[in-house]
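Scroll down for the structure; my scribbles are underneath it.
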Amino acid sequence: MFGFKTEEEKFKLADYEQLASDYRDLADHDKAMEENRDEWMSYAKSLEARVDSLIELNNVYLTELSIRRKNDEARQRLTVLK
């Protein structure tokens, strides 16, 4: 009976070692995911900055286009009046 208890303890120890190994693997995987998430967040912020600058540039171009259109309309009116 004492030998059975020792075998039982061996199985419990093996189970504990397997659980500890699984936990370490999971912790490593979690850390890798966290680093990957941080990289993606950084990438997303850089894309957001690019989009913001493109929106600003687009607004500048729209303003310039509006001014040119108004100038063209004014020129057309002046040529009609001459």
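Take the Cα of Ser46, step 7 Å toward its Cβ, do the same at Ala74, and the gap between the two points is 4.4 nm. For region 50-62, 3J(HN,Hα) computed residue by residue from phi via the Karplus equation (6.51, -1.76, 1.60; θ = phi - 60°) reads 5, 4, 4, 5, 5, 5, 4, 5, 4, 5, 4, 5, 5 Hz, glycine and proline entered as x. A simple spin-label model places pseudo-atoms 7 Å from Cα toward Cβ; at Leu81 and Ile67 they are separated by 2.2 nm. Calculate, in whole percent, how much of the Cα-Cα pair population of the chain lies beyond 20 Å. Value for the chain (Cα pairs over 20 Å): 71 percent.
Between Thr6 and Glu34, the distance separating the two model label sites (each 7 Å from Cα on the Cα→Cβ line) works out to 4.3 nm. Along region 64-77 the Karplus relation, 6.51 cos²θ - 1.76 cosθ + 1.60 evaluated at θ = phi - 60°, assigns HN-Hα couplings of 5, 5, 5, 4, 5, 4, 5, 5, 5, 5, 5, 5, 5, 5 Hz to successive residues, with x for each Gly and Pro. Positive-end ranking of Asn36, Leu62, Ala74 along the dipole of the chain, with charges on Cβ about the Cα centre, is headed by Ala74.
Solvent exposure of the chain amounts to 100 Å² per residue of accessible area, where only protein heavy atoms count and the probe is 1.4 Å.
The values are calculated or read from the model by the stated rules, or taken from the named source; none is laboratory data. In this text, all values refer to a predicted model and were calculated from it rather than measured experimentally. Ideal geometry is used to build each Cβ from the backbone, glycine not excepted, and the neighbour counts take in all protein chains shown. All accessible areas refer to the heavy atoms of the entire protein, side chains included, with ligands and DNA or RNA removed. Shrake-Rupley method; radii C 1.70, N 1.55, O 1.52, S 1.80 Å.
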